[in-house]
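Participant: Handing you a structure now.
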Amino acid sequence: MKKKKHRRPARPAPVQPAPPPPQGPPSGVKLDSPIAIYSGGFGVREAERLLWRAGFGPSPGHAQVLASMGLHAAVAALTRPSGPPTLTGADPTDEDGNPIAPADFWGHDHLWFLDRMVRTDQPLVERMTLVWHDWFATSNDSVGQQQLMLDQNELFRRHALGSFDQLVHDVTQDPAMIVWLNLDQNSRWSPNENYARELMELFTLGADRGAYTEQDVRQLARALTGFEFDWSDELGMHNFRYVEASHDPDDKTVFGQTGAWTWEQGVAMCVRHPMHPSFFVQKLWSYFIPTPPTQADRQALEALYVSSGYQVRPVLEAILLHPDLHAGSRMVKPPVVLLAGLLRALQRSVDGEYWIWYSENAGQRLFYPPDVSGWDDSRWLDTSTVRGRFELVSRALSGRVLDGDAVDGYDTTETPEQGVAAARAWAGDPALTSETVALLTSFAAAALAGAGGWQLSTYRGLRQNALRHLILASPDYQTS
Amino acid sequence: MPSCGCNDYSRTQLLRRAAAEAGRGLPAIEPGMPMPAGTGLTRRSFVSRATGLALSVYGAASLGPKAFEEGIAAAAAQASSERVLVSIFLSGGADSLTMLAPTSAHPQYAAARPTLALPGGQGIPFAEDSSLRWHPSLAGLAELYGEGKVSVMPAIGYDDANQSHFTSRHYWEVGEVNPFGRWGWLGRYLDEHGVADNPLQGLALGWDLQPVLAARDVPVATVAEPDNYGFWTPGVWGTVQDKMLDAFGDLGDPPTSDVGLSQARSAVAATGRLRDQLAPFQGGYTTPAGVTYPAGDFATRLSALAAMLDGGLPLKVVAIESGGYDTHSNQAGSLPADLLEIGDSLRAFQRDLEARLLQDRVLVHVWSEFGRRPEENGSGTDHGAAGAGFVIGSQARGEMVGEFPGLATLDEDDNLRNSSDFRGVYCALLEQWLGVDAGPIIPNASSFARPALVA
């Protein structure tokens, strides 16, 4: 994979209409949770954070709408969408305005998923689709057939808020997964352990917890034998199927239980393993809150998860209501979440392939996670990806900056404080810490130091562009 | 370290070119204004740790290029004598039984690998053990070995090897068999012996931070293209742009107890400092005549690394990952090409260092999280235990570490047994190459035997 700079001159970027805010049950709804529920004020700042954590940030006005609903109705609007999602605004295109071809053109898969994030009115469904993409991380790097990746993505979307039990079952026979972890090469005659190991280690149980042994890996691999597909020049990989004759029919001993386990039984045994609920709860929690749950909270959520029949939604609602989300530490936004949020905030559409490169340089190319463990959410930021994020903001701003007379004729009386206030308002008033506001204000003063004559207006115009950029590239905006 | 004028010469050239490139295309603020030398290189400061001198080059237009060169020279004065360790991670679990293939002296090899075994008669003789041979695709490495510049570990690992990629690489990364270790072993080295304001002291060349470099206290850097570390600011230019970019780094400075904000601020602050450090390198670099690297990112990164060292940038430990070694299937199709790229790139890097007279300052350590199982699975191999490792350089001792344990007796999971421990190698690299006590860096350091790795 090569990364390239892509800096064609910016065309004026049309304004994309904002999608309607998420809508669920009527306000006044009360959600249940077996753990603590946030009881502080739920205003615009809290709604803004909720929209970033459980979606892709606010479109203009959305934080205000959610704040007016109150915490419970706001969470329910995200977790209980009704009917199919609506996509508002212009369909994604390449630079020349042609429709994208997600299954056929390199990189258009990325644009397709990104566009869903930008235009949907059910942001949590897309966010959970992204979570499952990370959880069951599959890369087209070795699958090599975009349609299979898109099919898998739709599978994740169907199960976004549903049954994890069913999700793992369906993922196991998903064609992209079969190719990715070599299930097709796992036959009764020559078992291939790849899927069996990752099913336990990364998808359901976790490594180094004593949940399974090397013997379990080998035995479970035998239970998972029997998947095949055909290949032809014309169709590529197709006709994915389970073939009884290729399945190992003999007894296997998995987790101490002996039987002629089928693949479905093998998968179900992983989900019903006593150490699965704790793995599930901690992993799901970690996507929404950067600090781990207390042991009591974790155990209460495990009980909820099991009693619900391995449903995702009840656990997720409890997490989204928890005080640690609303009053705890900030959390680094994944790069595509930042990008989708920028496009939402600036009301831009997905209008070019350049977003593929910019996303990749910021550290997240959809459909190409770094490996089967997914993206490392604790290490999104380093000197390479911070620069990538800076330039992602550059690209989002190009075509939206002041130029010409707007710069050269800029108001010469604007104070540093006024400049900062104007840039904050332009950016949709995102949450900024007082330290950042102070540093922006010192920059605004320094930018005019020693200026005279024509520079008094022009430098103020440049300063306004710089302030907008600094706000969106700031450490504050990289987190929520 | 022999002294030679060519480092200084190339550094000067580099600067001149950088100034020329960076000056191109700036808006003409005032017609007729001369292009200041060094424009575009103006950054806050260039700090020399050797002298404690903080040489301000902010507004280098007024200081002139001379002062700027002095700043780099001052930093380079210290850097030019420092030893550098390069850690190269072959991720996925590289198959040691292909890299150093057993001969018919190990009859179990052909039996375990009916389709993947290197045929008899092929391969390059391995002098220290005639029952092994270099795979032909590793001819580059074999050539350096013939010159006594490669120490081979034919079966390195640890007891009760973990066969998870993520757990095993984690052990190697943190330098201990502990799933809860948090910091990389080279990060801990930097925490002990590094400084607070030089991100280049720990450099990951690639798109991701290499966990071996994860440091608790000091900054480290990740750069995919060191000669392409500019920042695009639409609608902002000139002095406002300079101040804006400085202000961006400053946004990372305020301390905070918030977990997420602290991560973001540290990364932004390190980015600002790295921008200062790499400013002189933005004009590109040249590779010495006669040195030819193969195509590909891995080779490009090594060539940039040689040029950065030659340019006097203050590097101490460097990490590069090259992936694609998880050959569960189609091993015969992918592995030889990957090994060819690695072997040829490492040879080119060594020749490059030799041409620049830097060869005595650099030691390369090549590792993978495990080897692969002797018994093939059809068209590939599953995860194994002990694997191969290499220490490469003009100062490498060139002596095999541990012996090849053979295939007659395998471990309890039917994998290769280890004959050397990676933690002992780490201790030896720290003590013999970097010249520091391994005790504070590698847990239980005293319990590991140190192989002799340095000449």
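The values are calculated or read from the model by the stated rules, or taken from the named source; none is laboratory data. Only a predicted model underlies this, so the values are computations on that prediction, with no experimental measurement involved. Quick reminder, even Gly has a Cβ in these numbers, built from the backbone with ideal geometry, and neighbours come from all protein chains shown.
Participant: Has the stretch B:153-166 got at least one residue that is hydroxyl-bearing (Ser, Thr, Tyr), modelled with pLDDT under 95 and either under 20 Å from the mean Cα position of the chain (by Cα) or over 30 Å from B:GLN350 (Cβ atoms) (or both)?
Facilitator: Checking the stretch B:153-166: at least one residue is hydroxyl-bearing (Ser, Thr, Tyr), modelled with pLDDT under 95 and either under 20 Å from the mean Cα position of the chain (by Cα) or over 30 Å from B:GLN350 (Cβ atoms) (or both).
Participant: Please determine, by comparing only the residues of the stretch A:192-208 that are more than 9 Å from chain B (Cβ to nearest Cβ) and not in a helix (DSSP H, G or I), which one is surrounded by the most Cβ atoms within 10 Å (Cβ to Cβ).
Facilitator: Per the criteria, the residue is A:LEU205.
Participant: Further question on the same structure: Got at least one residue in the stretch B:211-221 being at pLDDT 95 or above and either among the hydroxyl-bearing types (Ser, Thr, Tyr) or closer than 29 Å to A:SER398 by Cβ (or both)?
Facilitator: No, there is no match, as no residue in the stretch B:211-221 is at pLDDT 95 or above and either among the hydroxyl-bearing types (Ser, Thr, Tyr) or closer than 29 Å to A:SER398 by Cβ (or both).
Participant: Can you spot a residue in the stretch A:247-256 that is within 14 Å of chain B (Cβ to nearest Cβ), within 18 Å of A:VAL168 (Cα to Cα), outside any loop (DSSP other than H, G, I, E, B) and in contact with a helix residue (DSSP H, G or I) (Cβ under 8 Å, 6 or more places away or on another chain)?
Facilitator: The answer is no, given that none of the residues of the stretch A:247-256 is within 14 Å of chain B (Cβ to nearest Cβ), within 18 Å of A:VAL168 (Cα to Cα), outside any loop (DSSP other than H, G, I, E, B) and in contact with a helix residue (DSSP H, G or I) (Cβ under 8 Å, 6 or more places away or on another chain).
Participant: Which one is surrounded by the most Cβ atoms within 10 Å (Cβ to Cβ) among residues in the stretch A:446-467 that are assigned to a helix (DSSP H, G or I) and facing chain B (nearest Cβ under 7 Å)?
Facilitator: A:ARG463
Participant: Another one. Scan the stretch A:415-433 and give yes if some residue there is out of contact with any His (no Cβ under 7 Å at 6 or more places or on another chain) and within 8 Å of chain B (Cβ to nearest Cβ), otherwise no.
Facilitator: Among the residues of the stretch A:415-433, at least one is out of contact with any His (no Cβ under 7 Å at 6 or more places or on another chain) and within 8 Å of chain B (Cβ to nearest Cβ), which makes the answer yes.
Participant: Additional query: Quick one: in the stretch B:88-123, which of the residues that are of a type in the set (S, T, N, Q) and under 20 Å from B:ALA161 (Cβ atoms) is surrounded by the fewest Cβ atoms within 10 Å (Cβ to Cβ)?
Facilitator: So the residue we want is B:GLN108.
Participant: Which numbered condition in (1) more than 12 Å from chain B (Cβ to nearest Cβ); (2) closer than 23 Å to B:ALA264 by Cα; (3) surrounded by fewer than 18 Cβ atoms within 10 Å (Cβ to Cβ) is the only one that A:ASP411 fails?
Facilitator: Against the list (1) more than 12 Å from chain B (Cβ to nearest Cβ); (2) closer than 23 Å to B:ALA264 by Cα; (3) surrounded by fewer than 18 Cβ atoms within 10 Å (Cβ to Cβ), A:ASP411 comes up short only on (2).
Participant: Further question on the same structure: Considering only residues that are more than 13 Å from every other protein chain (Cβ to nearest Cβ) and closer than 16 Å to B:SER87 by Cα, look in the stretch B:179-200 and name the one that is surrounded by the most Cβ atoms within 10 Å (Cβ to Cβ).
Facilitator: B:LEU186
Participant: What are the pairs with Cβ atoms under 9 angstrom where one residue, in the stretch B:262-276, is at the interface with chain A (Cβ under 7 Å from one of its Cβ atoms) and the other, located anywhere, is part of a helix (DSSP H, G or I) and of a type in the set (Ser, Thr, Tyr)? Sequence gap at least six, or different chains.
Facilitator: Listed by first residue and then by second, the contacts come to B:ALA267/A:THR383; B:ALA267/A:THR385; B:ALA270/A:THR383; B:THR271/A:THR383; B:THR271/A:SER384; B:LEU274/A:THR383.
Participant: Could you tell me whether any residue of the stretch B:385-407 is surrounded by 19 or more Cβ atoms within 10 Å (Cβ to Cβ), in contact (Cβ under 8 Å) with a residue 60 or more places away in the chain, within 14 Å of another protein chain (Cβ to nearest Cβ) and in contact with a Gly (Cβ under 7 Å, 6 or more places away or on another chain)?
Facilitator: Yes, there is a match, as at least one residue in the stretch B:385-407 is surrounded by 19 or more Cβ atoms within 10 Å (Cβ to Cβ), in contact (Cβ under 8 Å) with a residue 60 or more places away in the chain, within 14 Å of another protein chain (Cβ to nearest Cβ) and in contact with a Gly (Cβ under 7 Å, 6 or more places away or on another chain).
Participant: Let me ask something else. Taking interchain pairs and intrachain pairs at least six residues apart, which have beta carbon atoms under 7 angstrom, with the first residue in the stretch B:122-150 and within 10 Å of B:LEU100 (Cα to Cα) and the second among the hydroxyl-bearing types (Ser, Thr, Tyr) and in a loop (DSSP other than H, G, I, E, B)?
Facilitator: Qualifying pairs under 7 Å: B:SER131/B:THR103; B:LEU132/B:THR103; B:ARG133/B:THR103.
Participant: Sticking with this one: Tell me the residue from A:THR225, A:THR213 that is surrounded by fewer than 22 Cβ atoms within 10 Å (Cβ to Cβ), modelled with pLDDT of 95 or more and of a type in the set (S, T, N, Q), please.
Facilitator: When all the criteria are applied, what remains is A:THR213.
Participant: Looking at (1) hydrophobic (A, V, I, L, M, F, W, C); (2) surrounded by fewer than 24 Cβ atoms within 10 Å (Cβ to Cβ); (3) part of a helix (DSSP H, G or I), which is the one condition that is false for A:TRP189?
Facilitator: (3)
Participant: Working carefully through the options A:ARG379, A:ARG389, A:ARG348, find the one that is surrounded by 24 or more Cβ atoms within 10 Å (Cβ to Cβ) and over 25 Å from A:ASP165 (Cα atoms).
Facilitator: A:ARG389
Participant: For the stretch B:201-220, indicate whether the set of residues that are charged (D, E, K, R), within 19 Å of A:LEU472 (Cβ to Cβ) and surrounded by fewer than 21 Cβ atoms within 10 Å (Cβ to Cβ) is non-empty.
Facilitator: no
Participant: Here is a follow-up. Would you check if there is a residue in the stretch B:234-241 being in a loop (DSSP other than H, G, I, E, B), facing chain A (nearest Cβ under 8 Å) and of a type outside the set (A, V, I, L, M, F, W, C)?
Facilitator: yes
Participant: Considering only residues that are more than 10 Å from chain B (Cβ to nearest Cβ) and in a loop (DSSP other than H, G, I, E, B), which ones fall in the stretch A:161-186?
Facilitator: Selection gives A:LEU161, A:GLY162, A:GLN173, A:ASP174.
Participant: Can you pull out the residues in the stretch A:365-391 that are within 7 Å of chain B (Cβ to nearest Cβ), acidic (Asp, Glu) and free of Cβ contacts under 8 Å to residues at least 12 places away in the same chain?
Facilitator: If the condition is that a residue be within 7 Å of chain B (Cβ to nearest Cβ), acidic (Asp, Glu) and free of Cβ contacts under 8 Å to residues at least 12 places away in the same chain, then A:ASP382 is the only one that fits.
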